[in-house]
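Student: What follows is a single structure, and I will ask about it in a moment.
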Amino acid sequence: MTEEVKPLVSDLLTAPFADMLPDFHSTAEIPSLEGMIGQKRAVKAVEFGLDIKQPGYNIFVAGPPGTGKITYIREAVKKKAAKENTPGDWIYVHNFKNPDRPVAINLPAGKGQEFCKQMDELIDEIQEEIRKTFSGDEYERQRNEVLKGYKEKQQEISNEIDRKAREKGFIIQRKPTGLMTVPQRDGQPLKQEEFNQLSPEEREEIGQKSREVQEMISDALRQIRQLEREGKEALEELDARIAHHAIDGPIDDVKQKYEDNDKLKGYLEAVKENIIKNIDDFKDKEEETSPLPFMAPQRQEDPKMKYRVNLFIDNHNLKGAPVVIESNPTYSNLTGKVEYQNRMGAMVTDYTFIKPGSLHRANGGYLVIHARDMFGHAQAWEALKRALKNKSVVIENIGEYLGFLTISTLKPEPIPLKVKVLLIGDPFVYQILHQYDEDFAKLFKIKADFDTVMEATAENVSKLANFISSHCNGQDLLHFSRDGVIAVAEYSARIAGQKEKLSTRFNELVEIIYEAVAMAEKESSELVGRQHVHEAIEEKIYRSNKIEEKIHHMLEEDKILLDLEGEKIGQINGLTVSDLGDYRFGQAVKITAATYLGRKGIINIEREVKMSGRIHSKGVLIISGYLGSKFAIRSPLSITASLTFEQNYQGVDGDSASVAELVAILSDLAQVPIKQNISVTGSVNQKGDVQPVGGITEKVEGFYKACKIKGIEGAVGVIIPQQNINNLLLSDEVKNAVKEGKLLIYPIKNVTEGIEVLTGLKAGERDEVGNYPQGTLNYLVEKKLTSMAEYMKKENQEEKAKDNEMN
């Protein structure tokens, strides 16, 4: 036997938040919130992920917007980073052996800036010392001594050539174009006319001697050139020896300060060798003048430029590990880039134009990235994965990486990477990456899953009060009274959709906090009370409920047909929810059923015109299963039943109307009227059990508003699944209506209970011989179906007999 369904008492509709809060007059008396509220699972995952240092244990922070995950991550990471060691600085310096591949050197934090200053001072000191040394008299004396010996040897060779030439009868004339041998006679050069008067034998002899003299000159010139080379090398050795004396001391002083850094000492040694090799760049030079007065002399590159230091990462002001929150994670912003400068119409660069990315700045610490921001930029995700897999950051311009550019550019030495990445996104992004990206699970082993709700325990309710206090203190706002805090807690539970839960969508709570404060300030109140919170909620609804009001206006004008009084056969009031994104509201809808003889079963009109979603279509098929199991035991169903949502022009989905649809069909079959002052929501399975549905609060309030607009006097009712009792978080007006008996809410466990409330008839159960008791709704339905089946059988037999006669 089915027990009588009793309406809910109003006490079950109130969340006991008042009993959970500590005793205080206003939030000014309670401390601000420390830590996170109600995200135990996510907080534990984040803490574990931050503690573990092995590669691959990066964190994906999953959760919908507004749950406070970003604020918590920032605070948690900064707190963790403050306790860790500060990573070192990084510098890029010129590679003297391979200028296209700048060298990266790591220094202790703060030493990078110090080394830059030391190098600038060192080069200035060396230049000054070299200029003084090489412009002094002592250097000129030693230089002249070196040159004197070579010049004397050159002169000896020149004199010897002159002597041997004279012995051969020639004079050597020195001209700008070179040395010329001229035959002589009686100590005087032989003129061309005189040469032409000589006999052929004499001319041949002179020619032979000329060739011999030319060979001697060539040998002499080779000796002179060798002496010049030796003289140049001797001067270079002299310059190097003097330069060493000038620069060894200053460079060695700098090297001693970095005794433990072999790479830096190697660089300083390379600097020394390069300065000695290019010592002329440091000597005093006369300024070049242009041969044309209107042309400026060509700009010469500063010779000291290649000794400058690019302070790539400077952590001298950092305390603890770095925390970088990258708001624009493009490829270049993540991995760094090489910039260019326009010089005389040409784009040029050098190692001082190498700029760091957020991976470099976060190296040794933490990098926080929003997933959707990153996936909006080409190759950013691939660049991040490559850096994490290779444990180093390669600076490569994206055009070159994609193969679009083939210009020669720098290839900076990659910097080793040790960073913890926290990727913030929603659960859908996590699922897509986990399923389709083979690297994701290897690189992001920790998932911190932020929920949208938390348990409404005394601890969490108290923390909600602390949360309100934090914002009041931090933003210098009016504080909330205890009733005001309770009202915010009730609003939080309403967002969560359960009395035993609180919402963790803190953005929405903060909006109500700010707007309630504005309401209180408008009334010059000292505290924000319950009425101010309710006013803020009403104003928030009013800004978004234009569509709902238009529907109510149409209902008032009877443009939307809805029967809310009396009884109707095959007609029932269902409940739907419309979601506008920022606002949801419920509304009553007329559902009708028509049954007649046939074999098509249940026809879902919405499905036939492609206005039915898959879940709604499934619900209709489940109704067919229920009818078959209940009434097709002795004979097949010979029925066609059509179902529709009247005045529905936008489509329908979900199975929350399946109880209403089933009752409408049974009503039409049994010809038993349904009470129109009671609406129904709930899903049904093939066994007749009623299942919970969503939007229960909006549906109940929507039906109450419809009755109020239509001016219905007397009690009205709503049938809901019993499992949805704890989802009822009604407005004060609707709760008062329940308390006063104007609105009756019937929780049911199975469809038979709903039948009895809606029709006033017992549904009926089969007795020991398989019959339904007379007078019950199921008896009337089965009676109708049996008569329809017998009629169909008779029609089939008559048609078969006619066919036999024709054959």
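Student: Would a scan of the stretch 782-794 turn up a residue that is open to solvent by less than 30 Å² (accessible area, probe 1.4 Å) and either assigned to a loop (DSSP other than H, G, I, E, B) or in contact with a His (Cβ under 8 Å, 6 or more places away or on another chain) (or both)?
Tutor: no
Student: Could you list all residues from the stretch 604-624 that are open to solvent by less than 40 Å² (accessible area, probe 1.4 Å) and more than 47 Å from the chain's Cα centre (by Cα)?
Tutor: At the first step, the residues of the stretch 604-624 found to be open to solvent by less than 40 Å² (accessible area, probe 1.4 Å) are 604, 606, 612-613, 616-617, 619-620, 622-623.
Answer for the stretch 604-624, where residues must be open to solvent by less than 40 Å² (accessible area, probe 1.4 Å) and more than 47 Å from the chain's Cα centre (by Cα): there is none.
Student: Take the stretch 533-584 and flag every residue that is within 34 Å of the chain's Cα centre (by Cα), part of a strand (DSSP E or B) and among the hydrophobic types (A, V, I, L, M, F, W, C).
Tutor: Result: VAL577, single match.
Student: Quick one: which strands (runs of 3 or more DSSP E) sit completely within the stretch 338-437 and have at least 3 residues that are modelled with pLDDT of 95 or more?
Tutor: Working: elements: 341-343, 346-348, 366-370, 420-425.
Correct list: 366-370, 420-425.
Student: If you don't mind, there's one more thing I want to ask. Which of the numbered conditions does CYS707 fail, given that it passes all the others? Conditions: (1) within 45 Å of the chain's Cα centre (by Cα); (2) in a helix (DSSP H, G or I).
Tutor: That leaves (1) as the condition not met.
Okay, residues lined up against (1) modelled with pLDDT under 95; (2) hydroxyl-bearing (Ser, Thr, Tyr); (3) within 15 Å of PHE506 (Cα to Cα):
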{"position": "PHE444", "(1), (2), (3)": "no, no, no"}
{"position": "ASP451", "(1), (2), (3)": "yes, no, yes"}
{"position": "MET454", "(1), (2), (3)": "yes, no, yes"}
{"position": "THR457", "(1), (2), (3)": "yes, yes, no"}
{"position": "HIS471", "(1), (2), (3)": "yes, no, yes"}
{"position": "PHE480", "(1), (2), (3)": "no, no, no"}
{"position": "VAL488", "(1), (2), (3)": "no, no, yes"}
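Student: Got a number for residues in the stretch 626-653 being farther than 20 Å from ILE674 by Cβ and open to solvent by less than 20 Å² (accessible area, probe 1.4 Å)?
Tutor: So the count comes out to 2.
Student: Given the options ILE602, ILE623, name the one that is in a strand (DSSP E or B), within 26 Å of GLY770 (Cβ to Cβ) and in contact with a strand residue (DSSP E or B) (Cβ under 7 Å, 6 or more places away or on another chain).
Tutor: Numbers: ILE623 fails: in a strand (DSSP E or B).
ILE602 is the lone residue from the list that is in a strand (DSSP E or B), within 26 Å of GLY770 (Cβ to Cβ) and in contact with a strand residue (DSSP E or B) (Cβ under 7 Å, 6 or more places away or on another chain).
Student: Does VAL757 meet the test of being part of a strand (DSSP E or B), touching a Phe, Trp or Tyr at 6+ places or on another chain (Cβ under 6 Å), hydrophobic (A, V, I, L, M, F, W, C) and open to solvent by less than 40 Å² (accessible area, probe 1.4 Å)? Steps first, answer last, please.
Tutor: On the way: part of a strand (DSSP E or B): no; touching a Phe, Trp or Tyr at 6+ places or on another chain (Cβ under 6 Å): yes; hydrophobic (A, V, I, L, M, F, W, C): yes; open to solvent by less than 40 Å² (accessible area, probe 1.4 Å): yes.
So VAL757 does not fit the description; no.
Student: Another question, if that's okay. Out of curiosity, is ILE712 part of a strand (DSSP E or B) and farther than 25 Å from ASN771 by Cβ? Before the answer, list the steps.
Tutor: Values: part of a strand (DSSP E or B): no; farther than 25 Å from ASN771 by Cβ: yes.
Considered against the rule, which asks whether it is part of a strand (DSSP E or B) and farther than 25 Å from ASN771 by Cβ, ILE712 comes out as no.
Student: Any residue that is in a helix (DSSP H, G or I), in contact with a Leu (Cβ under 9 Å, 6 or more places away or on another chain) and farther than 30 Å from LYS418 by Cα - is there at least one of those in the stretch 24-31? Steps first, answer last, please.
Tutor: First, the residues of the stretch 24-31 that are in a helix (DSSP H, G or I): 27-29.
Filter again for in contact with a Leu (Cβ under 9 Å, 6 or more places away or on another chain), leaving 27-28.
From the residues that got through so far, the ones that are farther than 30 Å from LYS418 by Cα too are 27-28.
Scanning the stretch 24-31, I find at least one residue that is in a helix (DSSP H, G or I), in contact with a Leu (Cβ under 9 Å, 6 or more places away or on another chain) and farther than 30 Å from LYS418 by Cα, so the answer is yes.
One line per residue, one yes/no per condition, for (1) in contact with a Lys or Arg (Cβ under 6 Å, 6 or more places away or on another chain); (2) among the hydroxyl-bearing types (Ser, Thr, Tyr); (3) open to solvent by 20 Å² or more (accessible area, probe 1.4 Å):
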{"position": "ASP689", "(1), (2), (3)": "no, no, yes"}
{"position": "GLU698", "(1), (2), (3)": "yes, no, yes"}
{"position": "GLY702", "(1), (2), (3)": "no, no, no"}
{"position": "ILE712", "(1), (2), (3)": "no, no, yes"}
{"position": "PRO721", "(1), (2), (3)": "no, no, no"}
{"position": "ASN736", "(1), (2), (3)": "no, no, yes"}
{"position": "LYS739", "(1), (2), (3)": "no, no, yes"}
{"position": "LEU743", "(1), (2), (3)": "no, no, no"}
{"position": "TYR746", "(1), (2), (3)": "no, yes, yes"}
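The values are calculated or read from the model by the stated rules, or taken from the named source; none is laboratory data. Because the structure is a prediction, the values reported are computed rather than measured. Note: ideal-geometry Cβ built from the backbone for every residue, glycine included; neighbour counts use all protein chains shown. Each accessible area value is taken on the protein alone, full model and side chains, heavy atoms only, with ligands, DNA and RNA left out. Shrake-Rupley method; radii C 1.70, N 1.55, O 1.52, S 1.80 Å.
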